[in-house]
Amino acid sequence: MQVTEVSFKDQILEGIPDKLPQPKPYDPKINHAPKRKAILSPEEEKLALRNALRYFDKKHHNTLLPEFKEELDKYGRIYMYRLRPDYKMYARPIDEYPSKSKQAAAVMLMIQNNLDYAVAQHPHELITYGGNGAVFSNWAQYRLTMKYLAEMNDEQTLVMYSGHPMGLFPSHKEAPRVVVTNGMMIPNYSKPDDWEKFNALGVTQYGQMTAGSYMYIGPQGIVHGTTITVLNGFRKINKSPKGHIFVTSGLGGMSGAQPKAGNIAGCITICAEVNPKITQIRLDQGWIDEKISDLDELVTRIKTAQANKETVSIAYLGNVVEVWEKFDEANIHIDLGSDQTSLHNPWAGGYYPVGQSFEQSNEMMSNNPELFKTKVQESLRRQADAINKHTEKGTYFFDYGNAFLLEASRAGADVMSENPSIGREFKYPSYVQDIMGPMCFDYGFGPFRWVCTSGKPEDLAKTDAIACEVLEEIMKNSPEEIQQQMADNIQWIKGAQENKLVVGSQARILYADAEGRMKIAQAFNKAIANGDIGYVVLGRDHHDVSGTDSPYRETSNIYDGSRFTSDMAIHNVIGDSFRGATWVSIHNGGGVGWGEVINGGFGMVLDGTKEASTRLKQMLFWDVNNGISRRSWARNEGAIFAIKRAMEAEPNLKVTLPNTVDDDLLENI
C-alpha cells in the first residue's frame, strides 16, 4: 500500500489531527530542557492531565492519558512530543504558508523561526532561549495556532493566552492580527514556584521577551547590544579593546552572542560554559574561535593573546567561578567583567554551581531541589568573592541584566553597596545604569530589527544598504549629543554582512531612535512598493527605550522611585495596538525573572501600501517617545534633551517636563 505524503500546507491546515501520529522517540542529539521539579499535588496532577486532554477528541484520551502522565512524571511538564510535526522547522518564504492574510502568514514565519533548531535553545520543548522562554507550552498549542493563522482573514484577531490560542475574534483591518499575553499573573501569584506550578498545570507560560512574542532573531540581537555595551564599557574605563580582557559566562540562548560581540568590538573574550553540547554548537557556528577545558592551558593562552594584542574569543568548558579564581591566582588582569547565565531562572538550569558536573546538577535540580538551591547560593557567594578580588585590582564589573546581583544578594553574597542610595543598592552597577541607559535609551536609541519575509539574502543586503544610507543622511544634521550613537550603528551595519550574523531568518538589528526607525521603515516600504524587495516584518527587542519596566535592568537608571511601576509597558502595548501594529505582546517575566518585570513588544508587516506608511509613522513615533517621556519625567538629562527635540519636530506632541529642585533646599529640611 502506497503512503501518500502530506504536503506542508496540508499539515498546517490539519491543525490537531483526527488520527493521532505515531509517538516520537526522544532524540538525545537535541539540546533538551532540564527536567522540572515535581511540584504538583496528586490532585493537581490530575488537573494538569485534564487540561492537556481537552485539546483532543475523547476517542484519543485512553491512548494519550498514560503518555501524558509519563511525560509529566519524567520531565515535569506535558510537552505532547507525539504532536511534534514531521516537517523541518524554519522560517520559510512567506508565500509558502497557506493563508488568507499575508499579515497572518508573516506571524507564522516568525513563529517557525523562533522554533528553528539553529535558533531555539530547546526546540522539542518549544523553548527559544533563557532556559524557559517558550513560544508555546505544548505541541497541540502550536498546531492549533498555525491552523488559526492559516484560516484567518484581515478582519479577525487571534487572541493568545500564554501559548494557548483562545480563538479568532471579529475585529477590523487596522486592528492587530494577533494579541499575545504571557504569564500575566495576579501579582501575589508571581513567585518562582508559582511559575513552576501553573506552568506544569498548563495554564500559563514564561514567554521571556521575544520568544513568546515571535520576534527572536537568534543571537544576532544580543550580539549588537553586547557589542555596543562592550565598546562603551571600554570607553568608560578609557581603554581600547585591543589586547584587553572581557570575562563573562553563558553560551546558551542569547548569552551565546557574547564572544561574537567581543570579536566585533576587538577584545579578548573568555566565556565560560558548563554544557558541552551548546559549547560545541557555538564553536561549530563560528560564534567562538577556540574551546579550552584546562585552566592552566587557558592561562597560557590568555597571556599569549595579551602579548600579541589578539582579537579572539575563547570558550572555557567549565564553571566561570573557576576562571575568576584562577585568574586572580595567576595575576591576570581582567579589564571588563560580567555574567550572563540565566539567573532569572536559578533553580531550573539557569545557573550551574561550581564543584559538580553538568550531569550531577541536572539530576540534583529535579531530584533534590533544596540541596541544589543551597549549592547555587554557595556558588554565587564564592563567585562574588572572586569578582571582588578583581575589582579591588581595577576590574570594571557590571551586572548584565541577568539578575546576577539580585540573586547573589539573596544568597548573602558580598555585593551590597556600603553607602546605598535609591537605585544604587548594589556594589556594582547594572550595565543599563552606567552604559546603555544614559548613553542610548535616554536618547531614544534602542534595538530596532527587521526580517525579510522572502527569505532571500539579497533582500537583506538591499535593506542593509538602505538603512546605512538613511543613517548617514540623518547623521549629517544630528546634534553632537547623538553623533557617537549614529557612528556606532553606521559602522555596525556596514560590517553586518561580513560578520555573518544571520541565524535562521534573514534578519537584521541596529540601534536607532524614532527618527531613524521611521525613516528606515519608510524607505523599506517604498522599496517594497517599487518591487525591489519583498515584504518586511519590523520589530524590536523588548529590551528597549519604552516597552519594558524592569527595575534591575531596562529601567534601572530611573531614580525617581517609579522603577517598580509598570505603567510604561502597559501603555506601550495599548498604544501600539491602536496605532497600527500587526501583532502586540505583553509578558510577565523576562531576562531578570518571573515577577521581576513587565515587558511588551510588537511586530509590523510592511507591504508597500500607503496604509503601511501611515501605520509605521503613527506607531514607531509612539513606541519610542512613550519611553523617552517617562525617562524625562524621572529627570534624566539625556531624555529631557531628546523629548524637547521630539516636541520641536512634532507639533502634536506635548509632554509634561519636570522642574528641578535645588539640592541645598532639601538639605535644610
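Given the conditions (1) among the β-branched types (Val, Ile, Thr); (2) in contact with a Gly (Cβ under 7 Å, 6 or more places away or on another chain); (3) more than 30 Å from His333 (Cβ to Cβ); (4) open to solvent by less than 30 Å² (accessible area, probe 1.4 Å), and given that Ile422 satisfies all but one, which numbered condition is not satisfied?
If we test Ile422 against (1) among the β-branched types (Val, Ile, Thr); (2) in contact with a Gly (Cβ under 7 Å, 6 or more places away or on another chain); (3) more than 30 Å from His333 (Cβ to Cβ); (4) open to solvent by less than 30 Å² (accessible area, probe 1.4 Å), just (4) comes out false.
Only one of these conditions is not met by Thr304: (1) touching a Ser or Thr at 6+ places or on another chain (Cβ under 7 Å); (2) open to solvent by 30 Å² or more (accessible area, probe 1.4 Å); (3) under 29 Å from Asn238 (Cβ atoms). Which number is it?
Unmet condition: (1).
I'm trying to understand the selection: among the residues of the range 214-239, which are part of a loop (DSSP other than H, G, I, E, B) and either touching a Lys or Arg at 6+ places or on another chain (Cβ under 9 Å) or open to solvent by less than 10 Å² (accessible area, probe 1.4 Å) (or both)? Spell out how you get there, then give the answer.
Taking the range 214-239 first, the residues part of a loop (DSSP other than H, G, I, E, B) are 214-216, 218, 237-239.
Within the range 214-239, Tyr214, Met215, Tyr216, Gly218 qualify.
From the list Gly627, Gly603, Gly608, pick out the single residue that is open to solvent by less than 10 Å² (accessible area, probe 1.4 Å), in contact with a helix residue (DSSP H, G or I) (Cβ under 8 Å, 6 or more places away or on another chain) and more than 26 Å from Asp560 (Cβ to Cβ).
On the way: Gly627 fails: more than 26 Å from Asp560 (Cβ to Cβ); Gly608 fails: open to solvent by less than 10 Å² (accessible area, probe 1.4 Å).
The match here is Gly603.
Specify which of the listed residues (Lys74, Lys29, Lys35) is open to solvent by 20 Å² or more (accessible area, probe 1.4 Å), within 28 Å of Trp347 (Cβ to Cβ), assigned to a helix (DSSP H, G or I) and among the basic types (Lys, Arg). Full working, then the answer.
Details: Lys29 fails: assigned to a helix (DSSP H, G or I); Lys35 fails: assigned to a helix (DSSP H, G or I).
Criteria check complete, one pass: Lys74.
Is the range 265-286 home to any residue that is within 20 Å of Gly349 (Cβ to Cβ), at pLDDT below 90 and hydroxyl-bearing (Ser, Thr, Tyr)?
No: zero hits.
Only one of Val605, Val661 is more than 24 Å from Gln433 (Cβ to Cβ) and either among the β-branched types (Val, Ile, Thr) or part of a loop (DSSP other than H, G, I, E, B) (or both). Can you tell me which? Break it down into steps so the answer makes sense when it comes.
Numbers: Val661 fails: more than 24 Å from Gln433 (Cβ to Cβ).
Criteria check complete, one pass: Val605.
Could you please find all residues in the range 431-467 being touching a residue at least 12 places away in the same chain (Cβ under 8 Å), open to solvent by 30 Å² or more (accessible area, probe 1.4 Å) and more than 23 Å from Gly638 (Cβ to Cβ)?
If the condition is that a residue be touching a residue at least 12 places away in the same chain (Cβ under 8 Å), open to solvent by 30 Å² or more (accessible area, probe 1.4 Å) and more than 23 Å from Gly638 (Cβ to Cβ), then Gly455, Lys456, Pro457, Ala461, Lys462, Ile466 are the ones that fit.
The values are calculated or read from the model by the stated rules, or taken from the named source; none is laboratory data. Here the structure is a predicted model, which is why all the values come from computation and not from measurement. Methodologically, a virtual Cβ is constructed for each residue, glycine included, from the backbone with ideal geometry; neighbour enumeration extends over all protein chains shown. Just so you know, the surface numbers come from the protein's heavy atoms only, side chains and all, with ligands and any DNA or RNA stripped out. Shrake-Rupley method; radii C 1.70, N 1.55, O 1.52, S 1.80 Å.
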